[in-house]
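Below: the structure, in structure tokens.
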There are 2 protein chains.
Amino acid sequence: MAGRGAERGTVDRILDTAEVLFAQKGFAETSLRAITSKAGVNLAAVNYHFGSKEALIQAVFERFLDPFCARLDGLLTELETNSGSVTLERLLATLSQSALAVQKGEPHRVAIFFRLSGLAYSQAQGHLRRFFREHYGEVFRRFLEQLALAVPEVPPMEMFWRVHFALGATIFTLSGMDPLRAICRSDFAVEVLPQQVEERLLAFLAGGIRAQLPAS
Amino acid sequence: MAGRGAERGTVDRILDTAEVLFAQKGFAETSLRAITSKAGVNLAAVNYHFGSKEALIQAVFERFLDPFCARLDGLLTELETNSGSVTLERLLATLSQSALAVQKGEPHRVAIFFRLSGLAYSQAQGHLRRFFREHYGEVFRRFLEQLALAVPEVPPMEMFWRVHFALGATIFTLSGMDPLRAICRSDFAVEVLPQQVEERLLAFLAGGIRAQLPAS
DNA sequence: ATGCGTTTCAAACGTTTGTTTGGGAGGCGC
DNA sequence: GCGCCTCCCAAACAAACGTTTGAAACGCAT
């Protein structure tokens, strides 16, 4: 099967390496040879265990998204039972909690994952977009439902757009988290922790979602 | 030289085609053969006129960014002379005006360009990022200066992050403008014009930038 | 020990990639 | 006419790609 106890199995070594390399250089720019040689496994191992490069890419996302969505799903049902009192800030915090809880111990992998998400959104218009919609569309829909309850003054279609604005700010920022922190270090001589970035981001998102409606 | 009057020259045909194909599929996923065959020019024309594929990519950006930054530069000096009364909304509107004015007659190319920007930010960590910083860093810095004057209640470092949040929301949304409008059409049975998206986006950004500061 | 299913491996496969080559049009000065 | 420069073209180039192959190595029942 896998996992001989001490050292990790071939499948996990491939996933770990692919995750990092994809995030660094993109999907098309990362060759299977680069992955397998850095992971210390044979080139043919990818096609043997995953079937194809496309399947490997999906497996990388699945390994993060499955537990994330399960966690988010649980937290959402919790919120739904204590209905009425869900605030916007609480909802946004639920999201980031789900992401952080899944990656407990390796918070830097959250940045890697968002970087991958940004890539996925830009590139590979076809198979990845379908994959996301089919596997995780339901949880997303439930989240939107709660959002509408929390901020009733924003009409549905306006909220649709604002959610995507917020999604963009999140993915874009967390994609480039490390370079941005480096700029912050050199320009302001201040070390900013990822958690502080998260706080700032959530404040920005809340402000944007609750912004005054445009005259139309 | 170029331009025999009636039909466009080889260089422009390559740029026009590359722009569209890059936006559709990404840089690495678009081969020179795909570009040249669709443009109706010889394969070797790219290396002859531009030198390499990397140089072609930069040329595509240059063709849009040079006039855009020139326009923005002019509008900024206008604002600087009538100092004191620059509002945040006015500054944001200046940005989108610059983008639209440059592409007068072909507003859909603005979406293409933002899609390219999103790709550039995700992929190609090296040469494109340097290219942007070296060529257009100065105008960006001046814009930040005006922004600090318009919203003095937000401290510099906080503003630094919020600008990037806003940048992310913009690039991400305009990258996927057409698919998002399609979803809007099917889910809400409403046709949304790009200009309306811009209005909504600007409202969101203004709200986010002026958001209450997080407790820190 | 024997047999079987799983996993690993080096090597090769056929494509596709970006780039280079050498020659041939076409225009222009002289 | 000739020489020169710019541009275009079909063809070939070497390299890198994802994938496939067939055999060797392993673990583990019987």
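The values are calculated or read from the model by the stated rules, or taken from the named source; none is laboratory data. Not measured: the values here are computed from a predicted model. When we count neighbours, we look across all protein chains shown, and the Cβ atoms used for this are built from the backbone with ideal geometry, even at glycine. For the accessible areas, the whole protein counts, side chains as well, though only heavy atoms, and no ligand, DNA or RNA atoms are used. Shrake-Rupley method; radii C 1.70, N 1.55, O 1.52, S 1.80 Å.
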Work out Dmax and Rg for the stretch B:1-51 from the C-alpha atoms and quote the Rg first, both in angstrom. 10.9, 33
Can you work out the Karplus-derived ³J(HN,Hα) for every residue in the stretch B:34-51? Use 6.51 cos²θ - 1.76 cosθ + 1.60 with θ = phi - 60°, whole Hz, and x for glycine or proline. 4, 5, 5, 5, 5, 7, x, 10, 6, 4, 5, 4, 5, 5, 5, 8, 10, x
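If you wrap a convex hull around the alpha carbons of chain B, what volume per residue comes out, as a whole number of Å³?
Spelled out: Cα convex hull of chain B, divided by residues, is 165 Å³.
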As I understand it, the value is the acute angle between the Cα axis of helix A:156-175 and the longest principal axis of the Cα atoms of chain A; what does it come to in degrees, rounded to 10? 40 degrees
In square nanometres and to one decimal, what's the mean projected area of the convex hull around the Cα atoms of the stretch A:50-145? 6.9 nm²
Provide the descending list of Cα extents for the protein assembly as shown along its principal axes, expressed in whole angstroms. 70, 53, 51
With angles folded into 0 to 90 degrees, how steeply does helix A:194-209 sit against the dominant principal axis of chain A? Use alpha carbons for both and round to 10. 40 degrees
Exam field: A:E145 pseudo-label spacings to other copies (7 Å along Cα-Cβ), nanometres: 5.3
Given 15 as the ceiling on other Cβ atoms within 10 Å, longest exposed-site-free region of chain B for trypsin sites (Lys or Arg not before Pro) in DSSP loops: B:105-216
Dividing the convex hull volume of the Cα atoms of the stretch A:98-216 by its residue count, what figure in Å³ per residue is obtained? 144 Å³
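Give the carbon-plus-sulfur fraction of the accessible surface of chain A in %, rounded to a whole number; probe 1.4 Å, heavy atoms of protein chains only. Write down the numbers at each step before the final one.
Numbers: 5910 of 10610 Å².
Of all accessible area on chain A, carbon and sulfur atoms account for 56 percent.
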A:H108 accessible area, nearest 10 Å², 1.4 Å probe? 110 Å²
Restricting attention to the stretch B:93-199, which GluC sites (Glu not before Pro) occupy a DSSP loop and are surrounded by at most 13 other Cβ atoms within 10 Å? B:E153, B:E191
Kindly report, to the nearest 10 Å², the accessible surface of A:D73 as traced by a 1.4 Å probe over protein heavy atoms only. 60 Å²
So the FRET efficiency between B:M159 and A:H127, C-beta based with R0 = 45 Å and rounded to 0.05, is 0.70
